[in-house]
Amino acid sequence: MNKNLQKTRILKGIIFIIGIFITGLAVNVLLRARLGAGAWDTVTYNLSQLIKSSLGIASAIVNFTVLLVVILANRKWKYLFVLIPIASIALAIDFWDLLVFRDFTVDRFIFQLLFYLIGAIVLPLGLAVVMTSKLPAMVFDELTLALMHLFKVKRFFTMRIFIELFAIILASVLGFVAGIRFGAVNIGSFILAFSIGPVISLHLKWLTPLVDPLVTPNEKYESEVLIDETLDF
């Protein structure tokens, strides 16, 4: 194997792992703020309360279910590679939740607001870092693309908003079934649903030039298209 190619793959792997751990951190920060987590993170949290599992296990269940939808929609088994980020993010979430934060809580509103703002910035940063690695994408990116093709929707942002709002509704249902009412769903969840796409694209704009030496011309083109799509209202 070419040494440069091997080095590039190792660097991409490191970038991927860093992005996963940043994402896991952001998920936990937002949940502890209790002002509203990301749409699918609210599903994860409320499901974990319903089935009495760790956040990581609930995350894996949610992500794997979404992956099955993607596979059925595309009828391509290549999407099984997405199991890599599914398992990785589940481990990262439990790492921060069970080992780092553990019983840590935030009670004063000013600190809740601070945690929410930090999480709202760091979550899309983590996702953007994962995307720049060009390794298997997060399952919700694949779901967005699959549903765009299925429903003939041209705008990435439009489809993503519908998916995020569906997740919030699903999380609310799970929360009431679990007896925690809305659970992790709050006003901040709706703010994140509309802002996460554009913020990811802003992070991609400054991250992409940093990893240019690691990507092929085709990968660079795909990144530019994705940035344009996530900013396209």
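The values are calculated or read from the model by the stated rules, or taken from the named source; none is laboratory data. For clarity, every value in this text was computed on a predicted model and none was experimentally measured. Note: ideal-geometry Cβ built from the backbone for every residue, glycine included; neighbour counts use all protein chains shown.
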Quiz item: Which residues, counting only those in the range 94-113, are among the aliphatic types (A, V, I, L, M), in contact (Cβ under 8 Å) with a residue 40 or more places away in the chain and in a helix (DSSP H, G or I)?
Solution: 98, 100, 113
Self-check item: Condition met for residue 62 (farther than 21 Å from residue 46 by Cα, surrounded by 17 or more Cβ atoms within 10 Å (Cβ to Cβ) and in contact with a Ser or Thr (Cβ under 9 Å, 6 or more places away or on another chain))
Solution: no
Quiz item: Somewhere in the range 131-148, is a residue touching an Asp or Glu at 6+ places or on another chain (Cβ under 9 Å) and at positive phi?
Solution: yes
Quiz item: Inside the range 32-44, can you point out the residues that are within 19 Å of residue 127 (Cα to Cα) and assigned to a helix (DSSP H, G or I)?
Solution: 39, 40, 41, 42, 43, 44
Quiz item: For residues in the range 154-209 being of a type in the set (D, E, K, R) and assigned to a loop (DSSP other than H, G, I, E, B), which is nearest to residue 12 (Cα to Cα)?
Solution: 155
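Condition check ((1) more than 17 Å from residue 180 (Cα to Cα); (2) part of a helix (DSSP H, G or I)) across all residues:
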| residue | (1), (2) |
| --- | --- |
| 18 | yes, yes |
| 22 | yes, yes |
| 26 | yes, yes |
| 30 | yes, yes |
| 50 | no, yes |
| 53 | no, no |
| 60 | yes, yes |
| 69 | yes, yes |
Practice problem: Run down 141, 107 and say which single residue is out of contact with any helix residue (DSSP H, G or I) (no Cβ under 7 Å at 6 or more places or on another chain), crowded, with 17+ Cβ neighbours inside 10 Å and not aromatic (Phe, Trp, Tyr). | Solution: 141
Quiz item: If we scan the range 207-226, do we find a residue that is closer than 25 Å to residue 35 by Cβ and modelled with pLDDT under 85?
Solution: no
Quiz prompt | Residues (among the hydroxyl-bearing types (Ser, Thr, Tyr), in contact (Cβ under 8 Å) with a residue 60 or more places away in the chain and over 17 Å from residue 163 (Cβ atoms)) located in the range 39-93 | solution = 45, 88
Exercise. Identify, from the list 121, 86, the residue that is among the aliphatic types (A, V, I, L, M), within 21 Å of residue 54 (Cβ to Cβ) and either in contact with a helix residue (DSSP H, G or I) (Cβ under 9 Å, 6 or more places away or on another chain) or not in a helix (DSSP H, G or I) (or both).
Key: 86
